[in-house]
Amino acid sequence: MSKKIAVAVVIPCYKVKNHILGVIQAIGPEVDKIYAVDDCCPEGSGDFIEENNTDQRVTVLRNSVNQGVGGAVMHGYSAALADDIDVIVKIDGDGQMDPSLLCEFIAPIISGEADYTKGNRFFNLENIMAMPKIRLFGNAVLSFMTKISSGYWNIFDPTNGYTAIHKDVIKNLPLNKISKRYFFESDMLFRLNTLKAVVIDIPMHAKYEEEVSNLKISKIIGDFLFKHGRNFCKRVFYNYYLRDMSLASIELPVGLLMLLFGFCTGVSHWVQSIQSGIPTTSGAIMLAALPIIIGIQFIMAFVGHDVANTPKRAFHRRYK
């Protein structure tokens with residue numbers, strides 16, 4: 001209990017040469033190590049930091065090929081584990097994340113309240129109105145998709161990259177399987193849920209200046225839909241059939257089967273009615289409608305159980 005908690009910051013560096021030194025300088029004394037990960041940056045961020053930085057806490061790591069934000073973060077996590085760091089914070093190097101909030105992200109983990117904390121820019125209504133409309137819409141869509149696939153119904157702003165995590169959680173994550181590019185944050189939440197790790201949101205501000213986001217919703221929406229669907233199926237199988245079974249394990253398949261039966265029955269009678277010119281009887285309509293109604297009720301019951309099943313006890317406390 002008397003052991004000092006070691007804290008590190010991981011900063012992925014890719015085209016952030018104009019901001020990275022300011023970000024490093026703003027990191028307070030509560031941080032013991034800073035890992036700046038040059039993700040094969042065309043601007044030579046790693047060399048630039050080594051030539052101009054004076055902070056002794058900084059260690060420059062390099063990826064020989066560009067691996068995306070996830071690959072850079074995983075490199076930093078591995079280095080932090082090797083140095084026996086207890087809590088690792090990830091912030092971007094573009095200056096949009098305020099390093100003075102570090103303690104807000106670290107505190108719930110140190111107190112045992114959470115395993116993983118992440119920023120949420122949607123707490124303050126004024127911040128929401130100042131956010132670019134395309135980002136506002138994109139985050140709303142991605143947040144809903146992530147809630148379904150990850151099982152963390154209590155969080156929002158899933159693509160927010162301001163995060164903190166306990167080392168014991170990292171040790172139990174399959175780092176080589178986590179998506180390394182734009183899907184990194186969402187995939188991370190899915191992996192955390194398989195450990196039953198506790199995740200909470202931290203209110204934060206975000207600055208939108210001359211930086212241009214590389215995330216184009218139109219280009220990634222199809223890929224994200226596929227990956228979210230895949231993660232949802234995996235999570236349901238892991239949590240409701242492989243490692244545990246409950247009433248919800250019956251509600252979902254029964255609800256889907258009844259919904260499918262009702263839909264197919266309804267379409268069949270509709271086609272027959274069009275071909276024959278004879279109106280469908282009320283009994284046939286009810287034969288299609290009733291399974292659909294009951295199926296939806298079963299599915300909603302499963303969703304209610306899933307929402308209530310959000311992890312509540314920190315994994316790193318149980319792990320010890």
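The values are calculated or read from the model by the stated rules, or taken from the named source; none is laboratory data. Fair warning: this is a prediction, and the values are worked out from it, not measured in the lab. Here Cβ is always computed from backbone atoms with ideal geometry, including for glycine, and neighbour counts include all displayed protein chains. These accessible areas exclude ligands, DNA and RNA; they are computed on the full protein's heavy atoms, side chains included. Shrake-Rupley method; radii C 1.70, N 1.55, O 1.52, S 1.80 Å.
Points worth noting:
- Approximating the spin labels as points 7 Å out from Cα along Cα→Cβ, the residue 230-to-residue 113 distance works out to 3.6 nm.
- Each label point was placed 7 Å from the Cα along the Cα-to-Cβ direction; for residue 290 and residue 56 their separation is 8.0 nm.
- Rounded tilt (10° steps) of 184-194 against the dominant C-alpha axis of the chain: 70 degrees
- Checking the cross-link pairs 133/234; 15/312; 227/312 against a 30 Å limit on the alpha carbon distance flags 133/234; 15/312 as lying beyond it.
- Computed from Cα atoms, the angle from the helix 133-150 axis to the main principal axis of the chain rounds to 70 degrees.
- The simple spin-label model puts a point 7 Å past each Cα toward its Cβ; for residue 125 and residue 274 those points are separated by 4.8 nm.
- GNM remark for the chain: springs join alpha carbons under 10 Å apart, and the peak mean-square fluctuation among 91, 20, 285 falls on 285.
- Heavy atoms of residue 69 accessible to a 1.4 Å probe, total area in Å² rounded to 10: 40 Å²
- From the C-alpha gyration tensor of segment 253-310, square roots of 5λ in Å: 31, 9, 6
- Candidate residues 83, 187: accessible-area rank, largest first, probe 1.4 Å: 83, 187
- Efficiency of FRET from Cβ geometry, residue 176 and residue 153, R₀ 22 Å, rounded to 0.05: 0.20
- The calculated 222 nm mean residue ellipticity attributable to helices in the chain amounts to -16000 deg cm²/dmol, summing -39500 (n - 2.57) over DSSP H runs of n ≥ 4 and dividing by all residues.
- Global form of segment 1-43, assessed from the alpha-carbon gyration tensor, a/c cut-off 1.5: oblate
- Judged by the gyration tensor of its Cα atoms, with axes a ≥ b ≥ c, segment 58-109 is oblate; a/c meets the 1.5 cut and b/c is at least as large as a/b.
- Model label zone, residue 205; criterion: amide N under 12 Å from point 7 Å along Cα-to-beta-carbon; scope segment 101-116: 101
- Cα gyration tensor, segment 1-148 - rounded (a/c under 1.5), prolate or oblate: oblate
- When 316, 205 are compared by accessible area of protein heavy atoms, the largest-first order is 205, 316, using a 1.4 Å probe.
- The computed mean projected area of the Cα convex hull in nm² for the structure shown corresponds, within [x] 22.3; [y] 20.4; [z] 15.8, to [y].
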